[in-house]
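The values are calculated or read from the model by the stated rules, or taken from the named source; none is laboratory data. What you see is a predicted model, and the numbers here were worked out from it, not measured in a lab. All Cβ positions, even for glycine, are placed from backbone atoms using ideal geometry, and neighbour counts span all protein chains on display. Keep in mind that these areas ignore ligands, DNA and RNA; they rest on the heavy atoms of the full protein, side chains included. Shrake-Rupley method; radii C 1.70, N 1.55, O 1.52, S 1.80 Å.
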Amino acid sequence: MKLVVVITHGSNSDKSSVGFTIANAAKSAGHDVAVFLTSDGVYCAKAGYADMASFKPFKGLDDLVRQFLDAKGTVWACAPCVQHRGLRSEDYLPGVTVTGAGPLVEFLAQGATTLGL
């Protein structure tokens, strides 16, 4: 199964932790998983941003993001959203790709199920 989790919230919401928890569970189960960060969600994978974000009973957001990246999960950050917030590609954790919608559309065209948070 292919799954794309679209995250629109930053570390100020438990929705980002829920999204990465689901992405990690699907990746651990052997599925092809991508996370698309858009709107304030682009902050989630910014280096140092999620270090103090934690919503009990979830793991810390920084741990969830790093776990997903360490498992070779795909993380895309919406390029226009990144640019709008004055961020740069260099601001992100290694393994995060700042991109337009093209890779997301291609993933969806290959049959990915979408979950939006």
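In terms of modelled amide H atoms, which long-range or inter-chain residues lie less than 5 Å from the amide H of V98?
Those qualifying (amide H under 5 Å, at least 5 residues apart or on another chain) are A77.
Pulled fully out, how much extra length does the chain show between A25 and A71, if you take 0.36 nm times their separation in residues and subtract their Cα-Cα distance?
Here the segment from A25 to A71 would lengthen by 15.5 nm.
How big is the gap, in Å, between the Cα center of region 12-26 and the Cα center of region 73-95?
Centre-to-centre distance over Cα atoms comes out at 18 Å.
Compare L61, L115 by solvent-accessible area with a 1.4 Å probe and give them largest first, with all protein chains kept in place.
Largest accessible area first, the list is L115, L61.
I'd like to compare 64-75, 80-91: which one has the highest average count of other Cβ atoms within 10 Å, and what's the full order after that?
64-75, 80-91
Take every DSSP beta bridge with both residues inside the chain and express the antiparallel ones as a percent of the total, to the nearest 5. Let's see the in-between values first.
Values: 1 of 19 bridges.
Here the share of antiparallel DSSP bridges comes out near 5 percent.
Would you mind working out the magnitude of the charge dipole of the chain relative to its Cα centre, with +1 at each Lys and Arg C-beta and -1 at each Asp and Glu C-beta, to the nearest 20 Debye?
120
Round to the nearest 10 and report in Å² the accessible area of Y43, as given by a 1.4 Å probe over the protein chains' heavy atoms.
Counting only protein heavy atoms, the figure is 60 Å².
In Å², and per residue, what accessible area does the chain have when probed at 1.4 Å with the other protein chains present? Numbers along the way, then the final one.
Details: 5710 Å² over 117 residues.
Per-residue accessible area for the chain comes out at 49 Å².
Collect residues whose amide H, placed 1.01 Å from N in the peptide plane, falls under 5 Å from the amide H of V35; neighbours closer than 5 in sequence don't count.
Under 5 Å from the amide H of V35: V5, T74, V75, W76.
Which of the cysteines in the chain are isolated, no other cysteine C-beta under 4.7 Å?
So far as the 4.7 Å Cβ criterion goes, C44 stand without a partner in the chain.
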